[in-house]
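Q: Structure in structure tokens, see below.
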Amino acid sequence: MNNYTESKIYSVSKLNKYIKNLFENDFNLQEIWILGEISNFKLHSSGHMYFVLKDKESQIRCVMFRGNNRNLRFMPVDGMKVKVRGDVSVYEKRGEYQLYVKEIIEAGKGELYLAFERLKAKLRDEGLFSEEVKKKLPFIPQNIAVITSPTGAAIRDVITISLRRFPNLSILVVPSLVQGTSAAQEIAKKIDFLNKHFKDIDFIIIGRGGGSLEELWAFNEEILARSIYNSKIPIVSAVGHETDFTISDFVADLRSPTPSAAAEMTIPDKNSLINNLSLLKSKITRAAKRNFELKTEKINSVSRSLKYQGPENKINQYYQYIDEFSARLNSRIKYLVELYEERVKKDSQRLDSLSPWAVIERGYSICRKIPGREIIKRLEQIEVGTKIEVIISDGKILSKVEKKEVVSN
Amino acid sequence: MKNKKKVEDIPFEEYLRKLEKIVNQLEEGELTLDESVKTYEEGMNISKICLEKLNKTKKKIEQLVIEGEEKYSTKPFSEKKGENTINEF
């Protein structure tokens, strides 16, 4: 038996890769549901879950990666009976085959739940849940329609909350069954009817208050899902439930946990909008005012600097020139005046002959009042009895007025 | 509005965005005096439009009565429990 060289020799990793390929190309091992009991459950710090799924006779290793177990709504524990969905493949490093789990459902959930999961997967694959096809709701709705029971708490909540938030809103109540076998079809028909006859409706809220899975079932039916998907008017799903979603939630353009929440989410609070508006308005006024002030200040500073550079400065320069010129003129005048004064002095000797003393020498005299030394020129300056002095060439005579007499010449 | 679109066709939120832009423009203070007067007036005009948009609708609560494939009517909806009879039931 020495002919091993003639047959092919594989490396271990090649072999495991080959086996892995076999598993992954086998349709029977992909996307399958397995029923079993969890044991040896471990949640690794990486977020991945490792456990063993077993029944009475057998067991299989399972791994559920973090990306898949993120949506789990319960923490698996040992001994829990579950249905898991996943692919069987090979962990090449150890040469072990295992189940790569994508979803875990508690086994007690029953047929409805599985039907729900199947429909959900189907519609998701068709793209009905895709974010790109979701329509945007208007920011300020004016006309809204509500498809629900006209007698339930849901419609009262929607109306009360909507009007509290936006008092002048137009609401069209579209009565419909919301539970029972024909409910899904009826809601779907109402959606189609509104699309056909009411072009000005901003969006439609469909919903009801909370209930059991069976009571909410209408919102998990395909006919309703398709009607929501086909609606040109945006749809808001408002089915009361705490934890699980309905198919309607996934297809709708907006989902909300309760009818009240739907109103809160879709109807803007008019008061805060108005407050916001007046805030913006006062901001604009303030900013505009500040702008004008800045501009005024700029104009002032520009005109200030213009004084140094502009015509005004030229004028000032001329003023200065004029000042200098007039100073020169003044000194010239002063010089001329001094010159003339000098000349006058020189001439003064000649003028001496004209002085009063020369006249007195010739026999004239000067009369002055005592006291005051005021030269008397007219009679009105003196009274009878006024003391006077008469200045003559070599002295003065003190005398008293005896009589006043007008002399006409 | 330089925009060719009609005031009714421009959504509230677009006007709100414009208003915020105007606030920014004015607060930056880069506008000329003429521009800031114009911008201020536009801002006041837009805030008026916004308010009009908020007050445009009238409060109305009606109930749809479907009378056939193509036929329907509306009647006032009373919020009192049990007062409404539903034709379809």
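The values are calculated or read from the model by the stated rules, or taken from the named source; none is laboratory data. These numbers were taken from a predicted model, which means no experiment stands behind them. Backbone-built Cβ (ideal geometry, glycine too); neighbour counts: all protein chains shown.
Q: Can you tell me which residue within region B:2-27, out of those that are more than 12 Å from the chain's Cα centre (by Cα) and in contact (Cβ under 8 Å) with a residue 12 or more places away in the chain, is farthest from the other protein chains (Cβ to nearest Cβ)?
A: Within region B:2-27, the subset more than 12 Å from the chain's Cα centre (by Cα) is B:2-6, B:17-27.
Next cut, in contact (Cβ under 8 Å) with a residue 12 or more places away in the chain only: B:18-19, B:22-23, B:25-26.
Details: B:18: 10, B:19: 5, B:22: 6, B:23: 5, B:25: 8, B:26: 3 Å.
Result: B:18.
Q: Sticking with this structure for a sec: From the list A:206, A:247, A:228, A:223, exactly one residue is β-branched (Val, Ile, Thr), within 14 Å of chain B (Cβ to nearest Cβ) and touching a residue at least 24 places away in the same chain (Cβ under 8 Å). Which is it? Quick ask: steps written out before the conclusion?
A: On the way: A:247 fails: within 14 Å of chain B (Cβ to nearest Cβ); A:228 fails: within 14 Å of chain B (Cβ to nearest Cβ); A:223 fails: within 14 Å of chain B (Cβ to nearest Cβ).
Going through A:206, A:247, A:228, A:223 in turn, just one is β-branched (Val, Ile, Thr), within 14 Å of chain B (Cβ to nearest Cβ) and touching a residue at least 24 places away in the same chain (Cβ under 8 Å): A:206.
Q: Mind listing whichever residues of region B:1-26 are at pLDDT below 85 and acidic (Asp, Glu)?
A: Answer for region B:1-26, where residues must be at pLDDT below 85 and acidic (Asp, Glu): B:8, B:9.
Q: Continuing with the same structure: Against the definition (under 23 Å from residue A:251 (Cβ atoms), surrounded by 15 or more Cβ atoms within 10 Å (Cβ to Cβ) and not polar (S, T, N, Q)), how does residue A:97 come out, yes or no?
A: Values: under 23 Å from residue A:251 (Cβ atoms): no; surrounded by 15 or more Cβ atoms within 10 Å (Cβ to Cβ): yes; not polar (S, T, N, Q): yes.
No.
Q: Another one. Of the conditions (1) in contact with a Gly (Cβ under 7 Å, 6 or more places away or on another chain); (2) of a type in the set (Ser, Thr, Tyr); (3) within 21 Å of residue A:191 (Cα to Cα), residue A:149 clears all except one; give me its number.
A: Answer for residue A:149: the failing condition is (1).
Q: Taking the criterion of being within 14 Å of chain B (Cβ to nearest Cβ) and either touching a strand residue (DSSP E or B) at 6+ places or on another chain (Cβ under 6 Å) or under 30 Å from residue A:65 (Cβ atoms) (or both), would at least one residue in region A:90-103 satisfy it? Talk me through it step by step, then tell me what you get.
A: Pass one, region A:90-103, residues within 14 Å of chain B (Cβ to nearest Cβ): none.
No, the conditions are met nowhere in region A:90-103.
Q: Same structure again: When the residues of region A:206-220 are narrowed to those that are within 14 Å of residue A:177 (Cα to Cα) and of a type outside the set (Phe, Trp, Tyr), which ends up surrounded by the most Cβ atoms within 10 Å (Cβ to Cβ)?
A: The initial filter retains those residues of region A:206-220 that are within 14 Å of residue A:177 (Cα to Cα), namely A:206-209, A:215-219.
Now narrow it down to the ones that are of a type outside the set (Phe, Trp, Tyr): A:206-209, A:215-216, A:218.
Details: A:206: 31, A:207: 34, A:208: 28, A:209: 21, A:215: 17, A:216: 22, A:218: 26.
It comes out as A:207.
Q: While we're looking at this one, here's another question. Could you give every pair whose Cβ atoms fall below 6 Å, whose first residue belongs to region A:365-389 and is of a type in the set (Lys, Arg), and whose second residue is not in a loop (DSSP other than H, G, I, E, B), counting only separations of at least 6 or pairs across chains?
A: Correct list of pairs: A:368/A:375; A:368/A:389; A:369/A:388; A:387/A:400.
Q: Filtering region A:16-32 down to residues that are among the hydrophobic types (A, V, I, L, M, F, W, C) and in contact (Cβ under 8 Å) with a residue 60 or more places away in the chain, which residue is farthest from residue A:107 (Cα to Cα)? Don't jump to the end; show me each part of the working.
A: Narrowing region A:16-32 to residues among the hydrophobic types (A, V, I, L, M, F, W, C): A:19, A:22-23, A:27, A:29, A:32.
Checking the rest, the ones that are also in contact (Cβ under 8 Å) with a residue 60 or more places away in the chain come to A:19, A:23, A:29.
Details: A:19: 31, A:23: 26, A:29: 21 Å.
Only one residue fits best here, namely A:19.
Q: Before we move on, is residue A:165 within 23 Å of residue A:216 (Cα to Cα) and of a type in the set (Lys, Arg)? Show your work before the answer.
A: Numbers: within 23 Å of residue A:216 (Cα to Cα): no; of a type in the set (Lys, Arg): yes.
No, not satisfied.
Q: Which members of region B:28-49 meet the condition of being at the interface with chain A (Cβ under 7 Å from one of its Cβ atoms) and either at pLDDT 90 or above or outside any helix (DSSP H, G or I) (or both)?
A: B:29, B:31
Q: Something else now. Quick check on residue B:72: is it closer than 27 Å to residue A:159 by Cα and within 9 Å of another protein chain (Cβ to nearest Cβ)?
A: Details: closer than 27 Å to residue A:159 by Cα: yes; within 9 Å of another protein chain (Cβ to nearest Cβ): yes.
The answer is yes for residue B:72.
Q: Note down all Cβ pairs under 6 Å where the first residue falls in region A:33-53 and is surrounded by fewer than 14 Cβ atoms within 10 Å (Cβ to Cβ), the second is not aromatic (Phe, Trp, Tyr), and they're at least six residues apart or on different chains.
A: Listed by first residue and then by second, the contacts come to A:33/A:83; A:33/A:85; A:35/A:83; A:40/A:52; A:47/A:66.
Q: Looking at (1) of a type in the set (Gly, Ala, Ser); (2) surrounded by 16 or more Cβ atoms within 10 Å (Cβ to Cβ); (3) over 42 Å from the mean Cα position of the chain (by Cα), find the lone condition where residue A:237 falls short.
A: It fails just one condition, (3).
Q: In region A:250-298, which residue that is within 10 Å of chain B (Cβ to nearest Cβ), surrounded by fewer than 18 Cβ atoms within 10 Å (Cβ to Cβ) and of a type in the set (A, V, I, L, M) is nearest to residue B:37 (Cα to Cα)?
A: Result: A:294.
Q: Which of the residues belonging to region A:164-191 are in contact with a Ser or Thr (Cβ under 6 Å, 6 or more places away or on another chain) and within 11 Å of chain B (Cβ to nearest Cβ)?
A: Applying the first criterion (in contact with a Ser or Thr (Cβ under 6 Å, 6 or more places away or on another chain)) to region A:164-191 yields A:168-170, A:178, A:186-188, A:190-191.
Answer for region A:164-191, where residues must be in contact with a Ser or Thr (Cβ under 6 Å, 6 or more places away or on another chain) and within 11 Å of chain B (Cβ to nearest Cβ): A:168, A:169, A:170, A:186, A:190.
Q: Right, something else. Of the numbered conditions (1) within 30 Å of residue A:401 (Cβ to Cβ); (2) modelled with pLDDT under 75, residue A:371 fails exactly one; give the number of that condition.
A: Going through (1) within 30 Å of residue A:401 (Cβ to Cβ); (2) modelled with pLDDT under 75 one by one, residue A:371 breaks only (2).
Q: Looking at residue A:84 and the list (1) crowded, with 21+ Cβ neighbours inside 10 Å; (2) in contact with a helix residue (DSSP H, G or I) (Cβ under 8 Å, 6 or more places away or on another chain), which single condition is not satisfied?
A: (2)
Q: Can I ask one more? Could you say which residue among A:396, A:403, A:377 is assigned to a strand (DSSP E or B), charged (D, E, K, R) and at pLDDT 80 or above? Please lay out each step first, then the result.
A: Working: A:403 fails: assigned to a strand (DSSP E or B); A:377 fails: assigned to a strand (DSSP E or B).
After ruling out the rest, the residue left standing is A:396.
Q: Are any of the residues in region A:143-153 within 14 Å of chain B (Cβ to nearest Cβ), assigned to a helix (DSSP H, G or I) and of a type outside the set (S, T, N, Q)?
A: Yes, that holds for at least one residue.
Q: Listed residues A:299, A:366; which is among the hydrophobic types (A, V, I, L, M, F, W, C) and either at pLDDT below 75 or under 60 Å from the mean Cα position of the chain (by Cα) (or both)? Spell out the reasoning first.
A: Details: A:366 fails: either at pLDDT below 75 or under 60 Å from the mean Cα position of the chain (by Cα) (or both).
Of A:299, A:366, the one residue that is among the hydrophobic types (A, V, I, L, M, F, W, C) and either at pLDDT below 75 or under 60 Å from the mean Cα position of the chain (by Cα) (or both) is A:299.
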